[in-house]
Amino acid sequence: MLVPIALVLGLLPLHARASPQNFPPGGHGPWGHGSKWNVPNLKSVVFFGDSYTDNSRYAYFTSHGGNAPPIGYNNPTNYDASDGGRIWATYVGQYTGANIYDYAVRGAVCSNNLTPRTAVSGSLSFPYPSVDQYEVPAFIADSEYRVGGRPFLNIPADNTVYTIWIGTKSGDLTSYVDCVYNQFSRLYQQGARKFVLMNLAPLNLAPLYALPSVGNNGTYANATETSYRMLETVKTVNAIYDYRTPFQAVIANDFPGAQWAVYNVHDLLVDIYNNPSQYLNGSAPLNVTGFIAQCTSSNPCAGLTSPDSYMWYNNLHPSEQTDRVIARNFVDVIKGNSKWATYWP
Ligand SMILES: *[C@@H]1O[C@H](CO)[C@@H](O)[C@H](O)[C@H]1NC(C)=O
Ligand SMILES: *[C@@H]1O[C@H](CO)[C@@H](O)[C@H](O)[C@H]1NC(C)=O
Ligand SMILES: *[C@@H]1O[C@H](CO)[C@@H](O)[C@H](O)[C@H]1NC(C)=O
Ligand SMILES: *[C@@H]1O[C@H](CO)[C@@H](O)[C@H](O)[C@H]1NC(C)=O
């Protein structure tokens, strides 16, 4: 598939390609800037994030008194993740055959120094494991761990992609964004060279933060105001990502030899919202404002039938079909030909 596309591009006159003067942001599309992005023989994908990406780590904490999994933990596939089925990271593994190393934990923020949160599960209460304090250190420990004389992780620099998708439970957006790039920097120091930064989802469209006119399911005093504030926050952070990534990758050259893709999962999700028939495939009427898990005390989170008709699993989390779409497009991002990605340098 890739070879014919590359051949066709090779035939395009140079001026037909995006020029560096579009910078920043720019370079959208399959051949942005004649990007250097290239991942030959994808071997592994390493994931960091929150409930949108968590497999079984949070469940490990809650079933082990709040303690972290040991070094060298084989994070099992969760068939009842936050999307009601398998999480998108698992689908990336299925679609590519790559090793999936998923360090995401439900409830995580970027750093507990910025926004400490406490997880409560039954009688248990413990600080939510964050990307900064738990996830990246757990990865670093695993990357140095050996089993039977062999490295536990199979992460050759050229063939391994690292991705962070972390939400914005943060008061101070600048510190939050600093934290995200700091995590990439730690990964870089550990040898990582291919980074996919996933921008913020349109949380203002999730039923929890939606406008009352489209079925808000939150308990905020003024749901209209909350929804608009969420929209502004998401847009601000995503604009910072668009400008700061080329700054760090190209101008400041803080990551020599590294390749970056900013995956505009925000616009992909907005596209699902606006054009559901291109993405959702259940037999019930397609639904981007409601959600599958309707929980009552007598009927705990029983799903509606035809889950693939829904964009949202519950009032905050994408459905499994949405996650398949996110995964399918992630695969295109790492192939270097996604219209939802901007590649740097
Ligand atoms: C949110 O949805 C759940 C499940 O249908 C429902 O029980 C609850 O009353 C809703 N809450 C609000 C504030 O709309
Ligand atoms: C809710 O917030 C909106 C936007 O700030 C404002 O126009 C509206 O008056 C508020 N509604 C209430 C009931 O306070
Ligand atoms: C919808 O499409 C996905 C692939 O994206 C497939 O796995 C799933 O089975 C389909 N669902 C239905 C109800 O056909
Ligand atoms: C979407 O699903 C919800 C259930 O979460 C339902 O209340 C709503 O009427 C549906 N909307 C449409 C447009 O079908």
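The values are calculated or read from the model by the stated rules, or taken from the named source; none is laboratory data. Note that the coordinates shown come from a computational prediction; the quantities given were computed from them, not determined experimentally. Quick reminder, even Gly has a Cβ in these numbers, built from the backbone with ideal geometry, and neighbours come from all protein chains shown. What goes into the accessible areas is simple: the full protein's heavy atoms, side chains included, and nothing from ligands, DNA or RNA. Shrake-Rupley method; radii C 1.70, N 1.55, O 1.52, S 1.80 Å.
Suppose we filter the range 285-323 for residues that are more than 16 Å from ligand 1 (Cβ to nearest atom), open to solvent by 30 Å² or more (accessible area, probe 1.4 Å) and without any contact (Cβ under 8 Å) to a residue 60 or more places away in the chain; how many remain?
3
Does any residue of the range 172-195 turn out to be in a loop (DSSP other than H, G, I, E, B), within 16 Å of ligand 2 (Cβ to nearest atom), over 23 Å from Leu269 (Cβ atoms) and open to solvent by 30 Å² or more (accessible area, probe 1.4 Å)?
No, that holds for no residue.
Please specify each residue of the range 206-236 satisfying the condition of being open to solvent by 70 Å² or more (accessible area, probe 1.4 Å) and within 21 Å of the chain's Cα centre (by Cα).
Glu232, Lys235
Output the residues belonging to the range 98-117 that are in contact with a Gly (Cβ under 9 Å, 6 or more places away or on another chain) and surrounded by fewer than 18 Cβ atoms within 10 Å (Cβ to Cβ).
Asn99, Leu114, Arg117
One residue is enough: does the range 147-160 have a residue meeting the conditions buried (at least 18 other Cβ atoms within 10 Å of the Cβ), of a type in the set (Asp, Glu) and in contact (Cβ under 8 Å) with a residue 24 or more places away in the chain?
Checked the range 147-160: no residue is buried (at least 18 other Cβ atoms within 10 Å of the Cβ), of a type in the set (Asp, Glu) and in contact (Cβ under 8 Å) with a residue 24 or more places away in the chain.
So which residues in the range 276-308 are hydroxyl-bearing (Ser, Thr, Tyr), within 11 Å of ligand 4 (Cβ to nearest atom) and under 22 Å from the mean Cα position of the chain (by Cα), if there are any at all?
Residue satisfying the conditions is Thr289 alone.
Across the range 37-83, which residue is surrounded by the fewest Cβ atoms within 10 Å (Cβ to Cβ) among those that are within 30 Å of Thr342 (Cα to Cα) and of a type in the set (A, V, I, L, M, F, W, C)?
Of everything passing the filter in the range 37-83, Leu42 is surrounded by the fewest Cβ atoms within 10 Å (Cβ to Cβ).
Test each condition in (1) hydrophobic (A, V, I, L, M, F, W, C); (2) open to solvent by 40 Å² or more (accessible area, probe 1.4 Å); (3) in contact with a Ser or Thr (Cβ under 6 Å, 6 or more places away or on another chain); (4) in a helix (DSSP H, G or I) for Ala89 and report the one that comes out false.
(2)
Going residue by residue through the range 219-227, is there one that turns out to be assigned to a loop (DSSP other than H, G, I, E, B) and not polar (S, T, N, Q)?
Checked against the condition, which is being assigned to a loop (DSSP other than H, G, I, E, B) and not polar (S, T, N, Q), the range 219-227 yields at least one hit.
Within the range 133-146, can one find any residue that is modelled with pLDDT under 95, part of a strand (DSSP E or B) and open to solvent by 20 Å² or more (accessible area, probe 1.4 Å)?
No - not one qualifying residue is present in the range 133-146.
How many residues does the range 74-127 hold that are closer than 29 Å to Asp172 by Cβ and among the acidic types (Asp, Glu)?
Here the count works out to 1.
Quick one: what pairs do we get from the range 68-93, first residue acidic (Asp, Glu), second open to solvent by 30 Å² or more (accessible area, probe 1.4 Å), C-beta under 7 Å, 6+ apart or different chains?
Filtered contacts from the range 68-93: Asp83/Tyr313; Asp83/Glu320.
Of (1) in a loop (DSSP other than H, G, I, E, B); (2) farther than 14 Å from Phe48 by Cβ, Gly107 satisfies all except one. Which?
(2)
I'm trying to understand the selection: among the residues of the range 210-244, which are within 16 Å of ligand 1 (Cβ to nearest atom), touching a residue at least 40 places away in the same chain (Cβ under 8 Å) and of a type outside the set (Val, Ile, Thr)?
Ala210, Gly215, Asn217, Gly218
Quick one: would you say Ala261 is of a type in the set (A, V, I, L, M, F, W, C), within 16 Å of ligand 2 (Cβ to nearest atom) and either modelled with pLDDT of 95 or more or in contact with a helix residue (DSSP H, G or I) (Cβ under 6 Å, 6 or more places away or on another chain) (or both)?
Here the answer is no, as Ala261 does not meet what is asked.
For the list (1) under 21 Å from the mean Cα position of the chain (by Cα); (2) open to solvent by 20 Å² or more (accessible area, probe 1.4 Å), I need the number of the one condition that Gly122 fails.
Of everything listed in (1) under 21 Å from the mean Cα position of the chain (by Cα); (2) open to solvent by 20 Å² or more (accessible area, probe 1.4 Å), Gly122 misses just condition (1).
Please specify each residue of the range 271-284 satisfying the condition of being open to solvent by less than 40 Å² (accessible area, probe 1.4 Å) and not in a loop (DSSP other than H, G, I, E, B).
Across the range 271-284, the qualifying residues are Asp271, Ile272, Pro276.
Do we find that Ala201 is hydrophobic (A, V, I, L, M, F, W, C) and either open to solvent by less than 20 Å² (accessible area, probe 1.4 Å) or within 16 Å of ligand 2 (Cβ to nearest atom) (or both) in this structure?
yes
I need a count of the residues in the range 303-330 that are assigned to a loop (DSSP other than H, G, I, E, B) and either on the phi < 0 side of the Ramachandran plot or away from ligand 3 (no atom under 13 Å from the Cβ) (or both).
Summing the residues that are assigned to a loop (DSSP other than H, G, I, E, B) and either on the phi < 0 side of the Ramachandran plot or away from ligand 3 (no atom under 13 Å from the Cβ) (or both) in the range 303-330 gives 9.
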